[in-house]
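Asks: Questions regarding the structure given below will be posed in turn.
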Amino acid sequence: KLTIVIALALLLITACNSSPQNTSSEINEPEDFRQLKKLEHDWLTAEFKLDTTTISNMMDETYYTVGPNGLTDKHTELKEMHAAISQRQNEGHIVDSFCLDDMRIRFYDNTAIVTFVTVTKGKIKDQPFENRRTRFYDVWIKSKGQWKAVSSQGTPVP
């Protein structure tokens, strides 16, 4: 029993002392922050242009997303993304511009969690809209010097 108590105490001490610090020599926070910000911007640019090939190259093969229908893998997500954007374009839903707001990035070894809000401006059937906001939560991994998305979730913000 004493061995179990000591093991649990050591586990608790280790867990309490863990923090989101970099232990990987691959992570250079200022450079990686810049890279991830650019990747997020490039992803949305590609999405609004219906360029799922570019987005596919940014995704790890293990990628999944969380949505109203549960978990979706990479290939299903790309297919659904293409269909949704095609439908929006056919309905005259056009995004003219966007920006990334309130971006936060936390690094954990070779993993980064990125949160931000997209703010879009455009029109739907010639009716302008602006300040449409969506909060994103994306998880990226860095392998062999390259960031790949492994998970994503977006929620409209009222």
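The values are calculated or read from the model by the stated rules, or taken from the named source; none is laboratory data. Note that the structure is a prediction, hence the values are computed from the model and not measured. Note that we place each Cβ from the backbone using ideal geometry, even for glycine, and neighbour counts take in every protein chain shown. Side chains included, ligands, DNA and RNA excluded: accessible areas come from the protein's heavy atoms. Shrake-Rupley method; radii C 1.70, N 1.55, O 1.52, S 1.80 Å.
Asks: Would you list the P(r) distribution for the range 62-158, with all Cα-Cα distances sorted into 10 Å bins from 0 and each bin expressed as a whole %?
Replies: It works out to 14, 37, 37, 11, 1, in whole percents.
Asks: Could you give the size of the charge dipole of the range 28-116 about its Cα centre, using +1 on the Cβ of each K and R and -1 on the Cβ of each D and E, expressed in debye and rounded to the nearest 20?
Replies: Dipole of the range 28-116, to the nearest 20 debye: 120 debye.
Asks: In whole Hz, what ³J(HN,Hα) sequence does the range 58-72 give by Karplus (6.51, -1.76, 1.60; θ = phi - 60°), x for Gly and Pro?
Replies: 7, 9, 6, 5, 8, 4, 8, 10, 10, x, x, 9, x, 8, 10
Asks: Now for a separate question. Express the relative contact order of the range 87-141 as a whole percentage, based on alpha carbon pairs under 8 Å and six or more residues apart in sequence.
Replies: Value for the range 87-141: 35 percent.
Asks: Show Ser152, Ser143 ordered by accessible area, largest first, where the area counts protein heavy atoms only and the probe is 1.4 Å.
Replies: Solvent-accessible surface, decreasing: Ser143, Ser152.
Asks: Quick one: net charge around Asp73, please, counting Lys, Arg +1 and Asp, Glu -1 for every other residue with C-beta under 13 Å from its C-beta.
Replies: My count for the surroundings of Asp73 gives -2.
Asks: If we count every other residue with Cβ under 11 angstrom of Val150's Cβ, Lys/Arg +1 and Asp/Glu -1, where does the sum land?
Replies: 0
Asks: So, one more: On a straight-distance basis, which aspartates and glutamates could pair with Lys38 in a cross-link, Cα separation under 19 angstrom, same-chain partners fewer than 8 positions away excluded?
Replies: Answer for Lys38, where 19 Å is the Cα cut-off: Glu26, Glu29, Glu47, Asp51, Asp60, Asp96, Asp101, Asp102, Asp138, listed by chain and number.
Asks: Cβ under 15 Å from His93's Cβ, His93 left aside: what net charge do those residues give with Lys, Arg +1 and Asp, Glu -1?
Replies: Taking every Cβ under 15 Å from that of His93, the sum is +1.
Asks: Here's something else I'd like to know. Are there any GluC sites (Glu not before Pro) in the range 52-132 that are in a DSSP loop and have at most 16 other Cβ atoms within 10 Å? List them by number.
Replies: Passing both the DSSP loop test and the Cβ count: Glu91.
Asks: Which whole-number percent is the relative contact order of the range 23-158 (Cα, under 8 Å, 6+ apart)?
Replies: 22 percent.
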